[in-house]
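Q: Encoded as C-alpha cells, here's the structure I'll be asking about.
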Amino acid sequence: MKKVQVSMESVDKEKAALISGIETDAHAEVERIIKEAEDQAAEKRKFAEKKIESLVNDARQKAQEQAEAVKRKILSATELEVKRRSMRVRDVVMQNILDRVEKKLNSMTGDADYRSVLAGWITEAAIGLDAESAQINASQKERALIDDRMLSEVKGRIHAQTGRQIALTLSDEQPFISQGVVLTAAGGRTAFNNQVKTRMSRSQRQIRMLIYNTLFKDDRKEQL
C-alpha cells in the first residue's frame with residue numbers, strides 16, 4: 001500500500017512539473033508574442049512617422065515651389081506693368097515734345113528768320129519733285145512771304161545744288177490750313193508734300209530716337 005502511495009506521489013510530482021513546464025513555456029510564448037507584436041507596432045510607428053515626415057517634406061517642397069512660381073509670376077507681371085506704364089509715359093512725353101515743336105514752328109511764321117526756313121522747304125521740295133516746273137501752295141501766312149525775290153533765291157539754290165533750272169509759280173488753289181509747303185508738278189500728276197506734319201512724320205524715327213537718347217537713355221541702363 002505504501003508502495004502505491006509513493007508511486008502516486010511521484011506521478012503527481014511529474015504531473016505538477018509537466019504543468020509547470022507547460023505554464024512556463026506558455027508564459028514565455030505569450031511574452032514572445034507580445035514582444036513581437038510590440039516590435040511590429042514600433043516598426044509600423046517608425047515607418048508611419050517616416051512616411052508622415054516624407055509627406056510633410058514633399059508638401060513643404062511643393063509649397064515652396066508653388067510660392068516661388070507665384071513670386072516669379074507676380075514679379076514678371078509687375079515688371080511688365082512697369083514697362084507698359086513707362087512706355088505710356090514715354091509716348092506721352094514724346095508726343096508732348098512733338099506737339100510743342102509743331103507749335104514752336106507755327107509761332108515762327110511771323111519771325112524775320114522764317115522766310116529763310118520757308119525758302120529751304122521749297123528748295124527741298126523742288127529738288128525732291130524733280131520737275132521742270134511746279135506750283136507752290138502753303139498756308140495764308142506763308143503764301144504772303146513767297147514773292148519773286150524768294151522764288152529767284154530758291155531757283156538759285158536749286159541750280160547750285162543740282163545744276164537744273166526750274167520754273168516756280170504760286171498756286172491759284174486755296175491756301176492750306178496746315179503749316180508748310182506742297183509743290184505740284186505741271187499737270188498735277190506728282191507732288192511733293194513738305195508740310196510740317198509730313199516732314200515730322202518722315203523724320204519721326206530720327207526725332208523719337210533723339211528724344212529717347214536725350215531723356216530716357218539712362219533709364220534703359222538702370223533696367224539693364
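Q: Where in the range 119-220 are the helices (runs of 4 or more DSSP H), entirely inside, with at least 2 residues that are under 30 Å from MET94 (Cβ atoms)?
A: On the way: elements: 140-143, 148-162, 196-202, 204-215.
So the answer is 140-143, 196-202, 204-215.
Q: May I ask you to list the residues in the range 161-185 that are within 50 Å of the chain's Cα centre (by Cα) and not hydroxyl-bearing (Ser, Thr, Tyr)?
A: Here is the first cut: in the range 161-185, the residues within 50 Å of the chain's Cα centre (by Cα) are 161-162, 171, 173-185.
Correct list: GLN161, GLU173, GLN174, PRO175, PHE176, ILE177, GLN179, GLY180, VAL181, VAL182, LEU183, ALA185.
Q: A follow-up question, please. Looking only at the range 185-203, which residues are farther than 29 Å from ARG100 by Cα and in contact (Cβ under 8 Å) with a residue 12 or more places away in the chain? Outline the logic, then answer.
A: Filtering the range 185-203 for residues farther than 29 Å from ARG100 by Cα gives 185-190.
The answer is ALA185, ALA186, THR190.
Q: Let me ask something else about it. Give THR123, THR198 a once-over and let me know the one that is more than 30 Å from GLU79 (Cβ to Cβ), surrounded by 14 or more Cβ atoms within 10 Å (Cβ to Cβ) and at pLDDT 95 or above.
A: Working: THR198 fails: at pLDDT 95 or above.
Just one listed residue meets the conditions, THR123.
Q: Test LYS44 against the stated conditions and say whether it is exposed (fewer than 10 other Cβ atoms within 10 Å of the Cβ) and either over 28 Å from the mean Cα position of the chain (by Cα) or not in a helix (DSSP H, G or I) (or both). Before the answer, list the steps.
A: Numbers: exposed (fewer than 10 other Cβ atoms within 10 Å of the Cβ): no; either over 28 Å from the mean Cα position of the chain (by Cα) or not in a helix (DSSP H, G or I) (or both): yes.
The answer is no for LYS44.
Q: Just one of VAL117, VAL92 is in the same structural domain as GLU153 (by TED's automatic domain parsing), modelled with pLDDT of 80 or more, under 30 Å from ASN213 (Cα atoms) and aliphatic (A, V, I, L, M); which is it? Don't jump to the end; show me each part of the working.
A: Details: VAL92 fails: in the same structural domain as GLU153 (by TED's automatic domain parsing).
Checking each option against the conditions leaves just VAL117.
Q: Here is a further query. Name the residues in the range 126-149 that are surrounded by fewer than 17 Cβ atoms within 10 Å (Cβ to Cβ) and not hydrophobic (A, V, I, L, M, F, W, C), would you?
A: GLY128, ASP130, GLU132, SER133, GLN140, LYS141, ASP147, ASP148, ARG149
The values are calculated or read from the model by the stated rules, or taken from the named source; none is laboratory data. Just so you know, these numbers come straight off a predicted model, no measurement behind them. Note that we place each Cβ from the backbone using ideal geometry, even for glycine, and neighbour counts take in every protein chain shown.
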